[in-house]
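Asker: Pasting a structure here, questions to come.
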Amino acid sequence: MKHLNEYPGGSPIKLWAEDDRPREKLLSKGKSALSNSELLAIILGSGNREESAVDLAKRILDSCDQNLVELSKLGIERLKKFKGIGTVKAISIEAALELGRRRQQSEAKEKAVINGSQSAYHLIKANLQDLNHEEFWVMFLNRANKILSIENISKGGITGTVADSRIIFTRAMELKSTGIILVHNHPSGSLKPSSQDIDLTKKMKAAGQTLDISVLDHLIVSDQGYYSFSDEGML
């Protein structure tokens, strides 16, 4: 049975030339010396009968125009369409990309004080930029505008999702939050708020005023950037 660390032809990875051995290259030159294809090849572990792990990784990345954001959007089923990618390898790729997203969010969250729509967007965008469906998130802040929590409230389809004000404000009171920022994405790429987006924002603002919890902003996020209700005078 072929070992996971072998390339086509049965040669162990340690016997291949240095440039074809991404694990050894990482050990000798450091992780920053590796290309995206070589890093992905390490995750894959092996290729298929016609391709090395590096060649397979290059083909996968070429299908995404070498864009890691687009790679994140492929999902397990589409990854499995590549010869040599089964469920286990597809899951490994998904897990590695998710760790990258979480690291990005953790680093930002450690020093997160929200001082405007841009800082809020940079903190939340990793949660929403790779999605092909709508999700609704809420950022809960204290009086100093420091993040208490960032939480997913609902997941929907391509054209919409549901945001329950009772769930949102109950959670805000549990966290003793004095301000919230509403966030949802538009998979279509459009940053124009729909009539439903506008109505929801008004409803949330009114509910917040009753409870003395400020709705500081409502962001619509897409791959093109973001729309801020606060910046546009819509709050």
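The values are calculated or read from the model by the stated rules, or taken from the named source; none is laboratory data. As the structure is a prediction and not an experimental result, all values here were calculated from the model. All Cβ positions, glycine included, derive from the backbone under ideal geometry; neighbour counts span all protein chains shown.
Asker: Show the residue pairs that are 6+ apart or on different chains and have beta-carbon atoms under 6 Å apart, the first residue being within region 99-126 and at pLDDT below 90, the second being in a helix (DSSP H, G or I) and charged (D, E, K, R).
Answerer: A126/R101
Asker: Any residue at all in region 173-194 that is without any contact (Cβ under 8 Å) to a residue 12 or more places away in the chain, surrounded by fewer than 15 Cβ atoms within 10 Å (Cβ to Cβ), of a type outside the set (S, T, N, Q) and within 15 Å of E151 (Cβ to Cβ)?
Answerer: Yes, region 173-194 contains at least one residue that is without any contact (Cβ under 8 Å) to a residue 12 or more places away in the chain, surrounded by fewer than 15 Cβ atoms within 10 Å (Cβ to Cβ), of a type outside the set (S, T, N, Q) and within 15 Å of E151 (Cβ to Cβ).
Asker: Here's another thing I want to ask about it. Might you check whether a residue that is of a type in the set (F, W, Y) and part of a helix (DSSP H, G or I) occurs anywhere in region 123-138?
Answerer: Within region 123-138, none of the residues are of a type in the set (F, W, Y) and part of a helix (DSSP H, G or I).
Asker: Can I ask one more? Of the conditions (1) within 12 Å of the chain's Cα centre (by Cα); (2) among the basic types (K, R); (3) surrounded by 15 or more Cβ atoms within 10 Å (Cβ to Cβ), R103 satisfies every one except a single condition; which number is it?
Answerer: Unmet condition: (3).
Asker: Given the conditions (1) modelled with pLDDT under 90; (2) surrounded by 19 or more Cβ atoms within 10 Å (Cβ to Cβ); (3) closer than 20 Å to D197 by Cβ; (4) not β-branched (V, I, T), report the number of the one that D130 does not fulfil.
Answerer: Answer for D130: the failing condition is (3).
Asker: How many residues does region 43-84 hold that are within 23 Å of H133 (Cα to Cα) and of a type in the set (D, E, K, R)?
Answerer: Adding up the residues that qualify gives 7.
Asker: Taking region 170-229 as the region of interest, how many residues are closer than 30 Å to V69 by Cβ and part of a helix (DSSP H, G or I)?
Answerer: So the answer is 8.
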